[in-house]
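Please read the structure below before turning to the comments.
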Amino acid sequence: MIQLDNLALARSGRTILHGLSTTLEPGAIHVVLGPNGTGKTTLLRAMAGDLPLAGGAITHGEHSRGAQSPGRRVLEAWRRDFAYMPQDCSTEVSLSVLEVVVLGNLGQIGLRLDDEQLQRAMEKLSQVGIAHLAGRSIGSLSGGQRQMAFFAQVLMREPKVMLLDEPVSALDLRHQIALLDRVRQETRSRNLVTVVVLHDLNLACQYADNLLVLVEGQLAASGHPGEIVTAELLQSTYGVAVDILKDRQGRPVVQPLSAQAFA
Ligand SMILES: Nc1ncnc2c1ncn2[C@@H]1O[C@H](COP(=O)(O)OP(=O)(O)OP(=O)(O)O)[C@@H](O)[C@H]1O
């Protein structure tokens, strides 16, 4: 379980996150939604330990990070347990796809790579459907293929907490569903705390066990999609009129009607 207590974070003197508190249960997919620039990436990077907090605390098991620099044991726990996949998967490094995936297991790699590491990396590439790209240079892949390679790297880490920032933004429909199905399977079978940023409201409603709606750095709503997604919430969050339908499982399906004119 991860506990966020009254998180505050500022960048260049501007408050980005404030008063953010929630509990993230394991074995569940927590989807973060919200307008552009509202603090979703900032929240994930803060959780990953990339950005310092101005106040509040993030607790993972017996370890907590607050505004003070974390101690060695806390850093070790974070390094071991958290895997973060950034929104931007572009890279200048000249490594093969297989090497990038192996790097997910950096903590366990010695001076020589053994066959088991390579075999595991190949398995992860197979699981995301790009084993055939293992020998290609990472820089030569398409945006979507690169996203799948970096997701394979996250799987290679075998984390306890998986933080994925818009992991399907460059993927076609089939690959979006394949990747999110894999996220769900890993989350359930390994009892992970999984946090995923998505912009697609219908994918969010389909895959989220818990939705976190972030508006201007604060939690505007949270809960199961079927309980919290209403036309009023989406109108106030995005300034878009919508109809809410229901799918076969009774989950919301969002049909946008019209956006308010830009101010
Ligand atoms: N390095 C920085 N210095 C100052 N402000 C920053 C910096 N990086 C991001 N911000 C600001 O922090 C706010 C939140 O940014 P963030 O990237 O977390 O938004 P987001 O919700 O992930 O947006 P998007 O949906 O567009 O990816 C934005 O107003 C952004 O301009």
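The values are calculated or read from the model by the stated rules, or taken from the named source; none is laboratory data. A quick note: this is a predicted structure, and the numbers were derived from the prediction, not measured. Cβ atoms come from the backbone with ideal geometry, glycine included; neighbour counts cover every protein chain shown.
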- prompt: Restricting segment 85-132 to residues that are crowded, with 20+ Cβ neighbours inside 10 Å and touching a Gly at 6+ places or on another chain (Cβ under 9 Å), which is modelled with the lowest pLDDT?
  reply: Cys89
- request: Report yes if Asp181 is more than 16 Å from the ligand (Cβ to nearest atom), out of contact with any strand residue (DSSP E or B) (no Cβ under 8 Å at 6 or more places or on another chain) and within 18 Å of Gln249 (Cβ to Cβ), otherwise no.
  value: yes
- prompt: Which of (1) part of a loop (DSSP other than H, G, I, E, B); (2) within 16 Å of the ligand (Cβ to nearest atom) does Gln68 not meet, given it meets every other one?
  reply: (2)
task: Restrict the check to segment 152-164 and report whether at least one residue is touching a residue at least 60 places away in the same chain (Cβ under 8 Å), under 27 Å from Ile58 (Cα atoms) and part of a loop (DSSP other than H, G, I, E, B).
output: yes
task: Would you tally the residues in segment 195-233 being crowded, with 20+ Cβ neighbours inside 10 Å, away from the ligand (no atom under 16 Å from the Cβ), in contact (Cβ under 8 Å) with a residue 60 or more places away in the chain and part of a loop (DSSP other than H, G, I, E, B)?
output: 1
